[in-house]
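To start, the structure itself, in structure tokens.
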Amino acid sequence: MLELLRIRNLALIEDVELEFSPGLNTLTGETGAGKSFIMRAVDFLMGERMEAKLVRPGAEKASVEALFILPEGETVIRRELSAQTGRSRVFINDTLSSQPTIRDLAPRLIIHTSQHGQQKLLSPSFQAEVLDSFLPDATLLQTRTENFAVLNDVLERKKALMARFEEVEKQRDFLEYQKKEIEKVDPLPGEEDDLEERKKILKDRERAGECLQNALDILHGEVALLDSMTLLTREMEIIARLFPGFEDDREAIEEMRMMLHDLDSRLRKGPAALDDEDEHMSLDDIEQRLFELAKLKRKLRRGLDEIVGLKEEIDKNLSFLDACSLDLKALRHEEDEAAKALRETLTKLNRARQKAGKILSIRIVEELTDLGFSEHVKVHFEFDCRELYPGCEDMRGRLMWVPNPGQPAQPLDKIASGGELSRFLLALVTMRGDDNQEHDALPSLIFDEVDAGIGGMTLNSVGAKLRNLADRQQMLLITHWPQLAGKADRHFLIRKEVENGATYTRCNRLEGDRIKLELSRMAGGGEQGDALAEKLLK
């Protein structure tokens with residue numbers, strides 16, 4: 001139940017607070033006073049958009065705040081609209097929340113029926129939704145949605161598989177050519193760099209061999225360095241005995257002689273043996289292999305590592321073509337199973353819709369008769385079949401009616417007047433409420449001029465229906481009819497005033513004689529208006 005509504009700095013409203021009763025609350029006033037805008041503020045609170053220009057001039061922001069009484073306790077919702085940015089923020093119990101959260105919560109709080117709702121009722125798709133909302137087993141709709149999603153997923157995967165198959169099939173000849181060229185050379189990952197390194201090592205070893213021989217020639221040539229160092233060592237021994245100051249020089253020469261003998265030994269042994277793999281590949285072999293790799297790179301216009309990866313990719317694509325028939329067969333089996341499940345669900349759902357359509361038609365006729373329609377009025381649902389998949393037909397109900405005897409049945413959207421649509425909408429809301437017997441859990445009903453286009457005895461029938469409905473759940477009713485306003489548990493007068501050159505929308509709760517005055521005004525005033533107001537209040 002909506003207990004309290006406060007609106008600040010929104011359009012012509014500076015600060016308005018309305019405290020509603022549990023039953024029937026009516027809002028009356030002259031046309032253009034702002035009655036419907038108050039209900040629009042409720043829609044804004046429930047997640048609808050509102051333009052920044054509607055913030056009252058001079059104010060930084062507008063706000064709408066409401067207190068709801070729910071089975072689990074009190075809930076306060078506040079939404080603010082910035083004049084500068086046009087952005088809004090929503091709070092639930094003073095905690096920042098999101099608009100999707102509010103939209104999910106809204107159906108538990110408010111059902112807003114209006115002339116927009118009447119126009120919505122003319123939509124065949126909405127009529128189909130109305131019928132579905134009265135299905136005894138709502139899980140059939142969820143199952144249908146899930147089955148259809150599974151089937152669509154299979155179809156999408158099948159479509160993607162076929163698209164890839166066609167693309168790869170077009171490239172089959174080129175892929176096989178590339179594979180053949182790669183297999184001829186059979187490159188290995190990093191092979192080119194490895195060959196270049198081996199080539200460098202072999203060249204370095206060849207140059208080292210030349211240097212070894214040159215070094216040995218120096219040590220053992222015509223003027224052998226080793227022999228000279230031996231003679232020099234002997235002479236230095238004598239010199240050092242005679243002249244002790246040359247002892248350090250003698251030791252240095254002796255050490256140098258020993259180092260040269262060690263060098264001679266190592267030079268004679270030569271460099272370490274080559275690796276087995278290197279011994280089996282000469283420089284010519286390496287050069288030839290590098291040429292083959294370079295030729296393959298030019299032919300395929302890719303680097304060697306890319307070519308190695310390309311071979312794996314080609315193998316995968318060609319394997320895919322070979323395995324595709326098996327994958328398609330598996331998907332076709334999945335498709336058949338998903339289609340079978342959807343078909344079975346739709347069969348159950350369509351039967352349930354036909355059965356519900358008959359029951360709902362009887363209930364609508366009963367409600368419409370209570371609302372002043374002819375006892376001869378007839379309503380039924382006509383079903384159109386929409387093929388979701390070959391052999392899977394989804395039946396959608398459309399309201400057909402015969403308002404007068406002797407006329408053929410026609411769609412509701414073709415012949416219904418505004419007043420008739422108002423009563424149709426009221427009948428549907430009433431029946432939806434009947435299906436939920438927990439009074440505290442029922443959302444508040446807002447009827448925004450749902451009485452448009454009706455009058456006379458029909459108005460009395462509508463009034464009685466609204467009154468009965470308000471006894472079951474809270475109702476906010478905007479009306480221009482005193483016959484309806486007189487049934488209110490709480491009456492609010494909305495009026496427009498101009499003060500100091502500024503326009504304001506005011507809202508006052510009426511009591512006692514003020515209610516009588518407003519009912520009289522609504523009835524046209526004068527003695528006749530006063531008499532009708534007096535009669536309505538009695």
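FYI, it's all coordinate maths here, none of it is from the lab. Computed from a predicted model, the values in this text were never measured in an experiment. Please note: Cβ atoms are built from the backbone with ideal geometry, for glycine as well, and neighbour counts cover all protein chains shown.
Tell me, M457, M431, M39 in order of fewest to most beta-carbon neighbours within 10 Å? Before the final figure, lay out each step's value.
Working: M457 9, M431 17, M39 21.
In order of increasing Cβ crowding within 10 Å: M457, M431, M39.
Treating only the Cβ of Lys, Arg, Asp and Glu as charged (+1, +1, -1, -1), what charge dipole size does the chain show about its Cα centre? Round to the nearest 20 debye.
On the way: 78 positive and 101 negative charges, 938 e Å.
Rounded to the nearest 20 debye, it is 4500 debye.
Straight distance only, please: which lysines reach the Cα of K358 with their own Cα at less than 19 Å, same-chain residues fewer than 8 apart left out?
K348, K378
Pairs to check: K299/K329; K269/K295; K120/K159; K170/K299. Give those whose C-alpha atoms are more than 30 Å from each other in this structure.
Those over the limit are K299/K329; K269/K295; K120/K159.
What number in nm² do you get for the chain if you take the convex hull of its Cα atoms and divide its surface by four? Before the final figure, lay out the partial values.
Working: hull surface 219.5 nm².
Hull-based average projected area comes out at 54.9 nm².
Give me the Debye-computed log₁₀ of I(q)/I(0) at q = 0.14, 0.18, 0.23, 0.24 Å⁻¹ for the range 55-130, equal point scatterers on Cα only, no solvent, two decimals.
Ignoring solvent entirely, the Cα scatterers give -0.66, -0.90, -1.04, -1.07.
What aspartates and glutamates sit close enough to K158 to cross-link, taking a C-alpha to C-alpha distance under 19 Å and skipping anything fewer than 8 places away on the same chain?
E146, E166, E167, E169, D322, D327, E334, E335, D336, E337
With r as the distance between the Cβ atoms of H333 and E306 and R0 = 56 Å, compute the FRET efficiency 1/(1 + (r/R0)^6) and round to 0.05.
On the way: r = 39 Å, r/R0 = 0.69.
The formula returns an efficiency of 0.90 here.
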